Amino acid sequence: MPRSSKPRSIRRRTLLAVGAASAVACGSRRRFCRFFSDEEARTVEALCAQVIPEDQDAGAVTAGVVNFLDKQLAGFYKPLQKVYRRGIAEIDHRCIAFGGKKFADLPASAQIDLLHQIEKDPDLLPFFNLLVDHVMQGFYGDPRHGGNRDRVSWKMLGVPYPPVRGRLRYDLDNPGASEKPWG
Amino acid sequence: MGLRRVNAVIIGAGAGGGIVAKELSEAGLSVVLLERGKWYSPFDCRKDDLRNQRTCVLGNGFGPDDERNPRVTVDLHGRERTVRASGPGYNNNAACVGGGTFSYGAMAWRYMEKDFRMRSTYGHIEGSTLADWPVSYQDLEPYYEKAEWEIGVSGDVSGDPFHAPRRKPLPMPPLPPNREYEILHPAAKRLGLHPFDIPMLRNSVPYNGRPACMRCRWCVGFACEVDAKCGTHNTVIPKALASGNCELRTECVVKQIETDSRGRVSGIAYFDAGNRLQYQAADLVVVSCGAIESARLLLNSKSKFFPRGLGNRHDWVGRNLQGHTYTGAFGLMPAPIYDDLGPGAGIAICDYNHGNAGLAGGAMLANEFIRLPYQFVSMVPAGKPRWGKAHKDFMRDAYRRAIAIQGPTQEMPVFDSRVEVDPAIKDFWGIPVARLSGSRHSHTIEISSVMAGRAEAWLKEAGAIQTWRKLSGPGLSAGQHQAGTCRMGDDPAVSVVNRYCQVHDVDNLFVIDASVHVTNGGFNPVLTIMAIAYYASDRLVRSWKGRGLA
């Protein structure tokens with residue numbers, strides 16, 4: 001597990017070799033994490049599943065938000081690595097203290113209860129707020145950053161993609177009567 | 001090594017500096033225009049909704065970069081924090097050729113007559129340095145017009161009975177209305193208000209050799225992919241360069257302004273794109289770095305004559321830092337109204353800029369630019385879930401049905417809201433960084449809350465089945481509308497520059513950007529920055545006598 005490695009400087013071949021050696025699964029699908037350990041990824045995936053759950057539309061897990069978080073924590077969010085490591089550990093620690101299980105192993109209803117408790121906890125709330133914001137970025141943001149796989153959130157919201165160009169037509173004599181693309 | 005002496009060095013190629021560069025170089029002065037950022041092109045649009053100048057959670061789209069440009073902020077409890085350029089509290093404005101005008105939303109407002117006479121209109125406000133400008137709207141009117149026609153503005157203000165007198169109409173018609181416009185227009189009329197088409201520095205028809213807006217949703221915060229937004233980068237700066245008298249040097253960071261043995265400005269020391277220290281001698285220096293960086297540069301330019309920094313004999317440099325207090329409301333319509341027609345903002349009212357009982361000013365209210373999905377995430381009503389199934393339902397349900405109306409409340413200037421230079425933290429080049437502290441005036445908050453109510457009433461009249469307000473906290477205000485730190489005035493004891501933007505005690509040093517704004521209007525400030533730049537340049541050129549000022 002290349003925990004402290006710099007992704008930009010890693011060659012694909014090296015990454016594959018490291019990944020194959022440790023066979024880390026990041027999230028539900030078998031892939032390689034840049035920052036999260038196997039266990040951390042499991043907890044984060046369970047958290048994502050509650051922050052934006054699956055329903056008739058894809059949720060954060062299907063959208064690849066775990067990959068987004070992992071990618072950013074090895075990149076732009078590198079300064080937040082410690083915050084994440086500590087926050088994830090603390091959430092799991094609390095779950096074990098209360099119910100003897102890690103967050104990912106709790107039933108959904110217990111997970112939601114626990115997150116509501118965390119929202120009232122001044123120690124854990126900052127991390128949870130950060131996580132929620134990052135999950136939203138990964139889910140609703142541009143797919144280039146590692147989340148929003150297949151633009152699932154944009155499809156859910158009905159945001160057209162790609163935008164249609166050149167649809168502006170002018171009737172300068174009667175500007176109010178110009179094209180109404182929603183018509 | 002010595003660089004060839006020039007007549008004028010202009011620091012900052014934004015809204016102000018770009019115009020000064022063109023006016024001076026076309027008048028025959030030799031000009032060096034320095035910019036700390038890069039020169040981007042329309043190909044740099046990138047449509048990256050997490051990394052642009054509006055939403056910068058993954059970095060600023062057009063600078064400055066996070067690594068080399070920290071600032072220090074002091075919060076309301078006196079806690080200090082070092083912040084990176086894309087971080088909250090930094091109060092960033094873009095660092096690139098064109099400055100904010102490269103990626104802005106491009107509303108092109110003239111301030112109203114009363115905006116230049118706030119003290120005369122409203123009297124003394126306890127705890128505020130509210131004052132009149134030394135110049136009037138009438139002084140600036142010809143220069144507003146010049147900005148509208150040279151840079152290019154579309155829109156139609158004929159429906160606004162409150163606008164100040166003007167000689168010419170706008171050069172371009174407004175963009176055709178989007179759906180929000182068509183809902184909000186009759187609603188405003190029913191309320192007895194006066195809705196009209198927002199003036200925008202955006203081509204609605206081909207103008208100045210560039211095409212019309214294609215109405216995509218990547219507008220405010222992004223480079224315009226078809227170059228239809230009009231900034232200084234695609235109008236006056238190319239003209240300055242074409243004059244043959246102007247040299248643009250990008251990625252140059254000015255260390256300090258140098259003074260000679262007589263206390264006049266002799267040139268500047270700066271780090272070039274290769275981080276080499278250079279000295280550029282000049283007959284005059286124009287500072288156009290934006291309200292925070294202009295103040296920082298003056299404060300960092302200490303010398304025997306100016307131990308507290310240039311222009312700072314009376315401790316006014318960096319004071320009265322202000323921006324706008326944006327408040328408003330969201331309304332949920334009964335059916336989807338999202339039409340994906342950018343820029344989104346199109347309709348405004350100026351009924352509430354002045355004349356609000358008991359309030360010293362107000363704000364223009366307008367519908368908001370298109371909200372990209374991530375931007376909409378935080379627009380949930382207060383107290384509603386911010387995550388989980390309920391939040392997802394809100395997004396799915398509300399995204400295509402929501403209208404946002406908001407406006408920039410004119411702020412009461414506060415003397416202790418200020419830019420200083422930090423005694424400890426330095427940037428990559430070893431230059432002390434800006435240190436921001438202060439808060440909004442309580443009356444600003446009061447006005448802004450009333451404005452939010454007015455926005456909500458408009459949405460209700462438009463048929464919104466649910467509305468909620470967006471209010472403002474008391475924290476420091478500056479942001480992209482930053483202004484006020486080098487106040488213009490006739491009395492050197494309570495201002496930094498005179499009515500021609502000339503620093504009071506240094507006759508060959510000018511500050512030409514929003515720093516000189518005494519008050520910041522209830523409007524986006526850019527057209528006023530441009531008008532001031534044309535106005536000050538005009539005076540400068542007319543008093544120029546070969547190698548100095550008459």
Checklist outcome for this item: Averaged over the residues of B:385-394, the number of partner chain Cβ atoms within 10 Å of each residue's own Cβ comes to 6
Checklist entry - If you project the alpha carbons of region B:134-292 onto the principal axes, what extent comes out on each, in Å, largest first? => result 66, 39, 29
Next on the checklist: Show me the ranking of peptides B:70-79, A:71-80, B:343-352 by mean Cβ neighbours inside 10 Å, starting with the highest.
Outcome noted: B:343-352, A:71-80, B:70-79
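Relative contact order, percent, of region A:39-153 when contacts are C-alpha pairs under 8 Å separated by at least 6 residues?
Working: 131 pairs, mean separation 42.8, N = 115.
Rounded, it is 37 percent for region A:39-153.
Taking R0 as 22 Å, what's the FRET efficiency between A:ILE96 and A:LEU130 from their Cβ-Cβ distance, rounded to 0.05?
For R0 = 22 Å, the calculated efficiency reads 0.50.
For chain B, what are the DSSP H helices with axial Cα length of 30 Å or more and mean Kyte-Doolittle hydropathy of at least 1.6? Please report the intermediate quantities before stating the final value.
Details: long enough: none.
Qualifying helices, which must be both long enough and hydrophobic enough, do not occur.
Restricting to DSSP loop positions (anything but H, G, I, E, B) with no more than 11 other Cβ atoms inside 10 Å of their own Cβ, which trypsin sites (Lys or Arg not before Pro) remain in region B:120-204? Let's see the in-between values first.
On the way: sites: B:LYS146, B:ARG166, B:ARG167, B:ARG179, B:LYS189, B:ARG190, B:ARG202; in loops: B:ARG166, B:ARG167.
Taking region B:120-204 and a limit of 11 other Cβ atoms within 10 Å, the loop trypsin sites (Lys or Arg not before Pro) found are B:ARG167.
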Checklist entry - Within 10 Å of each Cβ of B:365-373, how many other protein chain Cβ atoms are there on average? => result 2
Next on the checklist: For B:ARG313, what residues show an amide H to amide H distance below 5 Å, using hydrogens built from the backbone and excluding near sequence neighbours?
Outcome noted: none
Checklist outcome for this item: Under 27 Å between C-alpha atoms, the lysine pairs in region A:39-153 lying 8 or more places apart or on different chains count 8
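Order by neighbour count: B:ARG81, A:ARG34, fewest other Cβ atoms within 10 Å first, most last. Mind showing how you got there, number by number?
Details: B:ARG81 13, A:ARG34 22.
Result, fewest neighbours first: B:ARG81, A:ARG34.
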Checklist entry - What's the center-to-center distance, using Cα atoms, between region B:51-117 and region B:478-520 in Å? => result 20
Checklist outcome for this item: Between B:GLY475 and residues 5 or more places away or on another chain, the pairs with built amide H atoms under 5 Å apart involve B:ARG440
Next on the checklist: Just to be sure I understand the curve: with the Debye formula and one point per C-alpha of chain B, what is log10 I(q)/I(0) at q = 0.05, 0.09, 0.12 Å⁻¹?
Outcome noted: -0.18, -0.61, -1.13
Checklist entry - Rounded to the nearest 0.05, what FRET efficiency do B:THR121 and B:GLU446 have when you use their Cβ-Cβ distance and R0 = 25 Å? => result 0.90
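Does region B:406-497 classify as rounded, prolate or oblate by the C-alpha gyration tensor (a ≥ b ≥ c root eigenvalues; a/c under 1.5 gives rounded; else a/b over b/c gives prolate, otherwise oblate)?
Taking the square roots of the gyration eigenvalues as a ≥ b ≥ c, region B:406-497 is prolate.
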Checklist entry - Each label point is 7 Å from the Cα along the Cα-to-Cβ direction; what then is the distance between the points at B:ALA242 and B:ARG4, in nm? => result 2.2
Checklist entry - In whole Hz, what ³J(HN,Hα) sequence does region B:355-366 give by Karplus (6.51, -1.76, 1.60; θ = phi - 60°), x for Gly and Pro? => result x, 8, 3, x, 10, 8, x, x, 8, 6, 10, 9
Checklist outcome for this item: Once both label points are put 7 Å beyond Cα along the C-beta direction, the B:TRP149-B:ARG190 separation in nm becomes 4.2
Item to check | region B:186-211 versus region B:258-336: alpha-carbon centroid distance in Å | outcome: 33
Checklist outcome for this item: With DSSP loop assignment and no more than 11 other C-beta atoms within 10 Å, the trypsin sites (Lys or Arg not before Pro) in region B:499-550 are B:LYS545, B:ARG547
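Restricting to chain B, what percent of DSSP beta bridges are antiparallel, rounded to 5? Mind showing how you got there, number by number?
Working: 49 of 71 bridges.
In chain B, approximately 70 percent of DSSP beta bridges are antiparallel ones.
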Checklist entry - Peptide B:173-184: average number of partner chain Cβ atoms within 10 Å per residue? => result 3
Next on the checklist: Defining a contact as two alpha carbons under 8 Å apart and six or more residues distant in sequence, what relative contact order in percent does chain B show?
Outcome noted: 22
Next on the checklist: So for the protein assembly as shown, considering every pair of alpha-carbon atoms, how many percent are separated by more than 51 Å?
Outcome noted: 14
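If you stretched the chain out fully between B:ARG308 and B:LYS426, how much longer would it get, using 0.36 nm times the residue separation minus the C-alpha to C-alpha distance? Could the numbers behind the result be given before it?
Numbers: separation 118, 0.36 × 118 = 42.48 nm, distance 1.79 nm.
Taking 0.36 nm per residue and subtracting the Cα distance, the gain is 40.7 nm.
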Item to check | 15 Å beta-carbon shell around B:ALA382, net charge (K/R +1, D/E -1) | outcome: +2
Item to check | Two-site label geometry, B:SER378 and B:GLN138: point separation in nm, points 7 Å out along Cα→Cβ | outcome: 4.5
Next on the checklist: Based on alpha-carbon centroids, what's the gap between region B:378-429 and region A:124-141 in Å, whole number please?
Outcome noted: 15
Checklist entry - Which of the peptides B:118-129, B:3-14 is most tightly packed, and how do the rest follow, going by the mean number of other Cβ atoms within 10 Å of each residue? => result B:3-14, B:118-129
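We did not get these values from a lab; they are worked out from the coordinates using the rules stated. Quantities reported herein were computed from a predicted structural model and do not represent experimental measurements. Backbone-built Cβ (ideal geometry, glycine too); neighbour counts: all protein chains shown.
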